[in-house]
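J.: Here it is: the structure, laid out below.
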Amino acid sequence: MKIRHSLTGNEAMAEAMRQINPDVVAAYPITPQTEIVQLFSNSVADGKVNTEFVTVESEHSAMSATIGASAAGARAMTATSANGLAYMWEVVYIAASMRLPIVMPVVNRALSGPINIHCDHSDTMGARDSGWIQIYSENSQEAYDNLIQAMRVAEHSEIQLPVMVCMDGFIISHGMEVIEMEDDDTVRKFIGEHKANYSLLDVKNPITMGPLDLQDFYFEHKKQQAEAMKNSAAVIRDVAKEWEKLTGRSYDMIEEYRMEDAEIAIVAIGSATGTAKVVIDGLREKGVKAGLVKIRVFRPFPKEEIAKALANTKAVAIMDRAESFADFGGPLFRDIRASLYDHDVRPKMVSYVYGLGGRDVMPEDIASVYADLERLVKGEQLPMLNHLGVRE
């Protein structure tokens, strides 16, 4: 049974966590994520879930406790933002390296300093190579759907990798919209019972986790981890297809919007893609063949899907809500540019860094990018790296 609610992104995430009913949640507050675990703690206090809620003294401890619970065979979750994710850094890598199926909502927020509590993607982009699967959400509906699907992906017996489910701070986390939820029984049947591959508490089948791993085996273990990440793409698609049959809501690694005949296109992640769709519709009415490729799954990186989507375009703008300080475009730009290197058809490509620290991205800003692409198609030269909406 479907249920329609007016919810913020944080409320949608908290409701998804309640329906998942994890065994253990260890968490520490940080803006703009705090509300997720605060609301979930209410579900614990009210007896709506069977979760052991662990209040810890820091985000490092939150991830450490979640790792301990997962290693013991529990279905374990936490949540964080920005500096909290950075404080977890050491154990974020350990969670992935120990192949623990932890699912963590991350509400995207700019990393300090200067101190800023608003949205950009510097936090999760900094963790892009930590070994976690990364799924991004355009709106509250996607945040809800992605979190539920993430549990199935993480716990798949052949994957066993942690997953970050990301959404833009304040823009989505605190913005209210109507979303469609499934009933509790439907969600719990979809994710199923948690059956850990291994458990530290299984005394009849003792295992070692997190040992010293030197030249003899470390490399092989990293290769296994990389193969699991590679193979997760097929699992992500399969889980999405099953979710679509159940709910009617369709997901894939990427989303193409009006790309069937697009000559110019933007590639972006997160809430800005919703703004881009509105702009595209207006440009289409004027005869401009504009399109959008939205990246939903950033790790594993959907290189072939992106190359296929952009194959017939003439000029493409890659929009990063993070600065890489490489003077060679943002992280999304560099991954996409590299993914097209071996393809015969390579459109002209420019990088736009935008929206840092929560700077608003207005429809006219997106429209100006498409105007730049039209100039590029006509043969004008543009800088490879551009900062959209910054005061010079």
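The values are calculated or read from the model by the stated rules, or taken from the named source; none is laboratory data. On a predicted model such as this, the values are computed, not experimentally measured, just so you know. Methodologically, a virtual Cβ is constructed for each residue, glycine included, from the backbone with ideal geometry; neighbour enumeration extends over all protein chains shown.
J.: Anything in region 218-240 that is surrounded by 13 or more Cβ atoms within 10 Å (Cβ to Cβ) and within 19 Å of R296 (Cβ to Cβ)? List them, or say none.
T.: M229, N231, S232, A233, A234, V235, I236, R237, D238, V239, A240
J.: Counting only residues that are without any contact (Cβ under 8 Å) to a residue 60 or more places away in the chain and assigned to a helix (DSSP H, G or I), which one in region 243-263 is surrounded by the fewest Cβ atoms within 10 Å (Cβ to Cβ)?
T.: The extreme case among them is K245.
J.: With respect to the numbered conditions (1) closer than 20 Å to R109 by Cβ; (2) in contact with a helix residue (DSSP H, G or I) (Cβ under 6 Å, 6 or more places away or on another chain), which one is the sole condition not fulfilled by Q33?
T.: (2)
J.: Would you check if V267 is loosely packed, with under 13 Cβ neighbours inside 10 Å and assigned to a strand (DSSP E or B)?
T.: Values: loosely packed, with under 13 Cβ neighbours inside 10 Å: no; assigned to a strand (DSSP E or B): yes.
Here the answer is no, as V267 does not meet what is asked.
J.: Go through region 1-93 and tell me which helices (runs of 4 or more DSSP H), entirely inside it, have 1 or more residues that are among the small types (G, A, S) and surrounded by 24 or more Cβ atoms within 10 Å (Cβ to Cβ).
T.: In region 1-93, 9-20, 59-71, 82-87 are the helices (runs of 4 or more DSSP H) which contain 1 or more residues that are among the small types (G, A, S) and surrounded by 24 or more Cβ atoms within 10 Å (Cβ to Cβ).
J.: While we're on this one: Any residue in region 311-339 that's assigned to a helix (DSSP H, G or I): show its pairings with residues that are polar (S, T, N, Q) at Cβ separation under 9 Å, as long as the two are six or more apart or on different chains.
T.: If the second residue must be polar (S, T, N, Q), the pairs left are P331/S324; L332/S351; F333/S324; F333/S351; R334/S324; R334/S351; R337/S351.
Every residue, every condition in (1) touching a Cys at 6+ places or on another chain (Cβ under 8 Å); (2) of a type in the set (D, E, K, R); (3) surrounded by fewer than 16 Cβ atoms within 10 Å (Cβ to Cβ), yes or no:
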| residue | (1), (2), (3) |
| --- | --- |
| A317 | no, no, no |
| G330 | no, no, no |
| D335 | no, yes, no |
| D342 | no, yes, yes |
| R359 | no, yes, no |
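J.: Separate question: Return the pair list, or none, for Cβ contacts closer than 8 Å from residues in region 60-79 that are touching a residue at least 40 places away in the same chain (Cβ under 8 Å) and under 9 Å from D23 (Cβ atoms) to residues that are part of a helix (DSSP H, G or I) and acidic (D, E), at least 6 apart or on different chains.
T.: R75/E155
J.: Let me ask something additional. Filter region 278-295 down to the residues that are buried (at least 19 other Cβ atoms within 10 Å of the Cβ) and closer than 23 Å to E142 by Cβ and list them by number.
T.: Passing the criteria: V279, I280, A290, G291, L292, V293, K294, I295.
J.: Can I ask one more? For region 97-122, give me each residue that is of a type in the set (S, T, N, Q), in a loop (DSSP other than H, G, I, E, B) and at pLDDT 95 or above. Talk me through it step by step, then tell me what you get.
T.: Restricting attention to region 97-122, the residues satisfying the condition of being of a type in the set (S, T, N, Q) are 97, 108, 112, 116, 122.
Filter once more, keeping what is in a loop (DSSP other than H, G, I, E, B): 112, 116.
Listed by number, the list holds a single entry, N116.
J.: Additional query: What pairs can you find where one residue is in region 26-40 and outside the structural domain of H118 (by TED's automatic domain parsing) and closer than 15 Å to C166 by Cα, the other is of a type in the set (F, W, Y) and part of a helix (DSSP H, G or I), and their Cβ atoms are less than 9 Å apart, with a gap of 6+ or different chains?
T.: Here the result reads none, with nothing in region 26-40 linked to a residue that is of a type in the set (F, W, Y) and part of a helix (DSSP H, G or I).
J.: What about T8, is it closer than 18 Å to N146 by Cβ, within 20 Å of the chain's Cα centre (by Cα) and touching a residue at least 60 places away in the same chain (Cβ under 8 Å)? Write out each step before concluding.
T.: Numbers: closer than 18 Å to N146 by Cβ: yes; within 20 Å of the chain's Cα centre (by Cα): yes; touching a residue at least 60 places away in the same chain (Cβ under 8 Å): yes.
Judged against the criteria, T8 is a match.
J.: Still on this model: So K2 ticks every box in (1) charged (D, E, K, R); (2) at pLDDT 95 or above; (3) within 24 Å of V187 (Cα to Cα) but one. Which box is left unticked?
T.: Evaluating K2 over (1) charged (D, E, K, R); (2) at pLDDT 95 or above; (3) within 24 Å of V187 (Cα to Cα) leaves (2) as the failure.
J.: Quick one: count up the residues across region 150-173 that are touching a residue at least 60 places away in the same chain (Cβ under 8 Å), surrounded by fewer than 24 Cβ atoms within 10 Å (Cβ to Cβ) and of a type in the set (S, T, N, Q).
T.: Counting residues in region 150-173 that are touching a residue at least 60 places away in the same chain (Cβ under 8 Å), surrounded by fewer than 24 Cβ atoms within 10 Å (Cβ to Cβ) and of a type in the set (S, T, N, Q) gives 1.
J.: So L373 clears everything in (1) surrounded by fewer than 19 Cβ atoms within 10 Å (Cβ to Cβ); (2) under 16 Å from A262 (Cβ atoms) except one condition, right? Which one?
T.: It fails just one condition, (1).
J.: Pairs, please: C-beta under 9 Å, at least 6 apart or cross-chain, first residue over 16 Å from D320 (Cα atoms) and in contact (Cβ under 8 Å) with a residue 24 or more places away in the chain and in region 368-392, second part of a strand (DSSP E or B) and among the polar types (S, T, N, Q)?
T.: Qualifying pairs under 9 Å: D372/N386.
J.: Output the residues belonging to region 75-100 that are within 15 Å of V25 (Cβ to Cβ) and in contact with a Gly (Cβ under 9 Å, 6 or more places away or on another chain).
T.: A76, A95
J.: Right, next: On the given criteria, is D320 modelled with pLDDT of 95 or more, acidic (D, E) and within 16 Å of the chain's Cα centre (by Cα)?
T.: Answer is yes for this residue.
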